[in-house]
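Since the structure comes first, as structure tokens, the remarks are kept for the end.
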Amino acid sequence: MLPSGMEIDINTGVATCKIDLPEVTHLEMQEMVDECMSLMRNDNIRNFVFDLEAVEFLASSCIGALVSFLQDIEHVKGKIAIANCKDNVSFLFKVTRLDSVFAIYDDVDDAIASF
């Protein structure tokens, strides 16, 4: 069960993971990743978009959870895209150089189209 403020919508084989929280803790992100792992294993979902439009602060440990998830889904040729980052969240991806690992898009539609 996802925490309040988080939801996953599946459309045309892509899971859009919307996080509607200003701050995301490691535990909340891990619960989202666990749910995505379940979709990958049980429903054959391979592509995931994380919609971070409402997120003002993302703990670096949350990015660690995303990196672990990426390593798991790469084995099944899956992909992760990040969409709607605010400047400070985008900066976190840039400073950690993970903007070269995760595809980052201005909106969810562009991220979905990238698959």
Next item on the list: At 7 Å along the Cα-to-beta-carbon direction for both ASN88 and ASP34, put a label point, then send me their distance in nm to one decimal.
Entry: 2.8
Next item on the list: Provide the per-residue ³J(HN,Hα) series for segment 107-115, in order, calculated from phi with Karplus coefficients 6.51, -1.76, 1.60 and θ = phi - 60°, each as a whole number of Hz, with x at glycine and proline positions.
Entry: 8, 5, 4, 5, 5, 5, 4, 5, 7
Next item on the list: For the chain, please report how many Lys pairs fall under 19 Å Cα to Cα, leaving out neighbours fewer than 8 apart on the same chain.
Entry: 4
Next item on the list: For ASP20, enumerate residues with amide H under 5 Å from its amide H, sequence gap 5+ or separate chain, H modeled in the peptide plane.
Entry: MET6, GLU7
Next item on the list: Translational diffusion coefficient, Stokes-Einstein: compute it for the chain using the Kirkwood radius over C-alpha pairs as Rh, at 25 °C and 0.890 mPa s, and state it as an integer in µm² s⁻¹.
Entry: 178
Margin query: Whole-Hz ³J(HN,Hα) for each residue in segment 27-33, computed from phi via Karplus 6.51 cos²θ - 1.76 cosθ + 1.60 with θ = phi - 60°, x for glycine and proline: what do you get?
Written below: 4, 5, 5, 5, 5, 5, 4
Checklist line | Given charges at beta-carbon only (K, R positive; D, E negative), |dipole| of the chain in Debye | finding: 520
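Throughout, read-outs are computed from the coordinates displayed, never taken from laboratory work. Source: prediction; values computed, not measured. Note that each Cβ is placed from the backbone with ideal geometry, even for glycine, and that neighbours are counted across all protein chains shown.
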